[in-house]
């Protein structure tokens, strides 16, 4: 029987390439650690790599951060598959968060209704770049960046003018942030469900990771199995050909942005309804939406792959957070970015591996 | 004594997943000769040339330049070795100007600033010398395919290449341009340049080539001297059997009108004038009507207007009595319009989709292929397999092959299969045989005639005089956005058509300069014909 050459086993080469890229990323990350603080480098590296699995509580935190990141990654990846670069995930995330918080604190709705609100909020914020793109051919990157800022300031204004949403209305003293959900409406907290049995009293854990994974599967299904996904991807791959085939490209641009917005918005909802964080009225854009971009790109916009890439990124972030105070949060950010950046080299690495393997085969053949 | 070979490709083998594109192929190019490479679609001609140009690394085999073994690792290396290539699908930056495209990669700079003036002078001198007319400041996306090719040729000349590869260069040219290209190639030969010339067209090989290497299904069949060959003998070598070169058809029996165009005006994208200026015509059941003309006289825009890809600013279009002037593309398709587009990569295919996904591009929404919005994969697969079998679409991995990896001819076959199998009332076929080999051309022509005989209306747009003379039942000549003449193919000849296509119809006949031009063109064609007969 003839053995299949290693270089032609695509799946194996892909996995090898990914592992190799991550290892190289970690090595370079370690060099950065050495430069920043040589004494604590080894310890820091261990913290970064080990923390996520060190306790159930930490692993719970990884899952807690993965859920919104995954949704933002899906948002970016979904738009990308349809030929749009949704850089506005942050604004949609913020809008979704506001809608969810308004529903929870002011309207006193249960958690699932708040999540629907969050999707509506994100979708509204996604539709504008979509409409501008479809009908005025305005580049969606420009509009969605502007809508990040508009969204953030609008939410701040809305919060500041809705006394009931602020923490000060619910027994706290500060009015620079929204009320703690547990105080305002315990029914709006995302339940921990069966997760409680495994994770005990970890404050991080709830069913949001399942919601996010479910969203990933739904998006995968839409893209791969439905006529709608077929149309969207056709527009993304070749807009002229999809026009020729009678596909309404403009309508699809708008719908695609609405879905992308709803995904980011849902991310904002589950992030703030976990009860561990309050929305603070500051003048900076929330980073979660931007982190969705590497999560999507690392997975080549594949929805199922995004589950793993966002887990990977969250794991590093949780590890990075535990490296303080030896390393400032900025330097851990740098290290996390270096590792993510190198992980994106998997494709290059794949070609290298194939080249090396083929060369070796040639040499053997010559001998 | 050894022959003076400028390029030798010895025992080249190149494999792709599922297919051996080249299998132990040997090709030797003498200095200063025009060497044709002949083969069916997917025989491996383009692959072999891509190997020479450094786009693919062969698994086995040696390439020698001037007798020395070389390794062509990438196109830059090929350029250093003096090898240039005009690809079948042009490699131009659409949003760059013609001049930018020509100098791209070999820009002359002074202190980091581009030296446009000298580049422009050199380009214009080359353009003048070889009669390759281009507008250096036009954007590539706005110029015709024919002019894009001239840009590609200028690119090679600008780089002083001595080995020139032409991958099916005439597929996109008008008869006049083909004659000019042949002349240009002969000039190149005179200057000692060596030419590799991929083509399906026997007449062109017979007209200019010195020798010819034949590929069949990836294997080299051999190299022959062109002198003493006939179109029939070359076709036989290529396909391995006898091919009918003439279209066989009964006289047409036209029925009721299917397509009715009245006073149609379509604006132009590249200039302020209208591209189609008030055109009226009918196409009836059971006839093939051909729009003939030189590339860029409004045929493209006319078809866009009919297909719904471009808004028409005046006039009406009716299909089977229904006014479809303002209907969207899908509605026209439902009314019974099929469209084989001019540019298969721009419109015809989603290149990164699989073959089966492309084969259902016009039908995926029909109940046969989806149930409540979910695509029925099995139905798509079965349908794709049937079309692949019926239309002999060759690919590496069957229905799941990514279309981008397929040969140009097979991509075209996929489009034709899709559009004809839709069972349209009106079939618009724009250059349907572009880039196909003689065997495939014959089968496409038979298919179009069969559609006609089944009572469908066929509107053919063609730049190939051979096709214009053989296939249709009526010919409409288009010049500068207007229909300047209607002809019965049985009662006209190439000369008469050529005159109308060159704009020397009734209105301007008698202008001495134009007459001279027309005479020259016709003269050249006659010579080519004679060469073909020899």
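Name, by its number, the condition in (1) in a loop (DSSP other than H, G, I, E, B); (2) surrounded by fewer than 17 Cβ atoms within 10 Å (Cβ to Cβ); (3) within 14 Å of another protein chain (Cβ to nearest Cβ) that does not hold for residue A:224.
So the condition that residue A:224 fails would be (1).
All but one of (1) surrounded by 15 or more Cβ atoms within 10 Å (Cβ to Cβ); (2) at pLDDT below 90 hold for residue B:262; state the number of the condition that does not hold.
The number of the failed condition is (2).
Within the stretch A:340-367, how many residues turn out to be at pLDDT 75 or above and assigned to a loop (DSSP other than H, G, I, E, B)?
Of the residues in that region, 1 qualify.
Only residues that are more than 9 Å from chain A (Cβ to nearest Cβ) and on the phi > 0 side of the Ramachandran plot: list them for the stretch B:308-333, please.
B:315, B:320, B:321
For every residue, the table says whether it meets (1) within 14 Å of chain A (Cβ to nearest Cβ); (2) surrounded by 18 or more Cβ atoms within 10 Å (Cβ to Cβ).
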residue	(1), (2)
B:358	yes, yes
B:372	yes, no
B:390	no, no
B:400	yes, no
B:411	yes, yes
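Name the residue, out of A:73, A:83, A:91, A:52, that is touching a residue at least 12 places away in the same chain (Cβ under 8 Å), farther than 30 Å from residue A:130 by Cβ and in contact with a helix residue (DSSP H, G or I) (Cβ under 9 Å, 6 or more places away or on another chain).
Result: A:52 is the single residue among A:73, A:83, A:91, A:52 that is touching a residue at least 12 places away in the same chain (Cβ under 8 Å), farther than 30 Å from residue A:130 by Cβ and in contact with a helix residue (DSSP H, G or I) (Cβ under 9 Å, 6 or more places away or on another chain).
If you scan the stretch A:194-212, which residues turn out to be over 19 Å from residue A:311 (Cα atoms) and out of contact with any helix residue (DSSP H, G or I) (no Cβ under 8 Å at 6 or more places or on another chain)?
A:194, A:196, A:197, A:201
Quick test for you: out of B:305, B:348, B:336, pick the one residue that is more than 12 Å from chain A (Cβ to nearest Cβ), within 26 Å of the chain's Cα centre (by Cα) and surrounded by 18 or more Cβ atoms within 10 Å (Cβ to Cβ).
Being more than 12 Å from chain A (Cβ to nearest Cβ), within 26 Å of the chain's Cα centre (by Cα) and surrounded by 18 or more Cβ atoms within 10 Å (Cβ to Cβ) holds for just one of B:305, B:348, B:336, which is B:305.
Considering only strands (runs of 3 or more DSSP E) fully contained in the stretch B:47-144, which possess at least 1 residues that are out of contact with any strand residue (DSSP E or B) (no Cβ under 7 Å at 6 or more places or on another chain) and surrounded by fewer than 17 Cβ atoms within 10 Å (Cβ to Cβ)?
B:68-70
If you take just the helices (runs of 4 or more DSSP H) that sit entirely in the stretch B:401-511, which of them hold at least 1 residues that are touching a residue at least 40 places away in the same chain (Cβ under 8 Å) and more than 22 Å from the chain's Cα centre (by Cα)?
Once the helices (runs of 4 or more DSSP H) in the stretch B:401-511 are filtered for at least 1 residues that are touching a residue at least 40 places away in the same chain (Cβ under 8 Å) and more than 22 Å from the chain's Cα centre (by Cα), what remains is B:438-453.
Among the numbered criteria (1) within 13 Å of chain B (Cβ to nearest Cβ); (2) surrounded by fewer than 23 Cβ atoms within 10 Å (Cβ to Cβ); (3) free of Cβ contacts under 8 Å to residues at least 60 places away in the same chain, which single criterion is violated by residue A:305?
Just one mismatch for residue A:305, condition (1).
Looking at B:475, B:416, B:428, which one is modelled with pLDDT of 90 or more, in contact with a strand residue (DSSP E or B) (Cβ under 7 Å, 6 or more places away or on another chain), buried (at least 21 other Cβ atoms within 10 Å of the Cβ) and outside the structural domain of residue B:254 (by TED's automatic domain parsing)?
Just a single option satisfies the conditions, and that option is B:416.
If a residue has to be closer than 14 Å to residue A:279 by Cα and touching a residue at least 12 places away in the same chain (Cβ under 8 Å) to count, how many in the stretch A:165-174 make the cut?
3
Which one is surrounded by the fewest Cβ atoms within 10 Å (Cβ to Cβ) among residues in the stretch B:277-289 that are in a strand (DSSP E or B) and in contact with a helix residue (DSSP H, G or I) (Cβ under 8 Å, 6 or more places away or on another chain)?
Looking at residues that are in a strand (DSSP E or B) and in contact with a helix residue (DSSP H, G or I) (Cβ under 8 Å, 6 or more places away or on another chain), I get B:287.
Residues of the stretch A:123-145 being within 26 Å of the chain's Cα centre (by Cα) and surrounded by fewer than 16 Cβ atoms within 10 Å (Cβ to Cβ), which ones?
Correct list: A:138, A:139, A:141, A:142.
Are any residues in the stretch A:228-266 at the interface with chain B (Cβ under 8 Å from one of its Cβ atoms), surrounded by fewer than 20 Cβ atoms within 10 Å (Cβ to Cβ) and part of a helix (DSSP H, G or I), and if so, which ones?
A:228, A:237, A:240
Can we say residue A:279 is in contact with a strand residue (DSSP E or B) (Cβ under 7 Å, 6 or more places away or on another chain) and crowded, with 18+ Cβ neighbours inside 10 Å?
yes
Can you name the strands (runs of 3 or more DSSP E) wholly within the stretch B:154-270 that have at least 1 residues being free of Cβ contacts under 8 Å to residues at least 60 places away in the same chain and within 30 Å of residue B:451 (Cβ to Cβ)?
In the stretch B:154-270, the matching strands (runs of 3 or more DSSP E) lie at B:257-267.
The values are calculated or read from the model by the stated rules, or taken from the named source; none is laboratory data. Please read these numbers as outputs of a predicted model, since none were measured by experiment. Neighbour counts run over all protein chains shown; Cβ positions are idealised from the backbone, glycine included.
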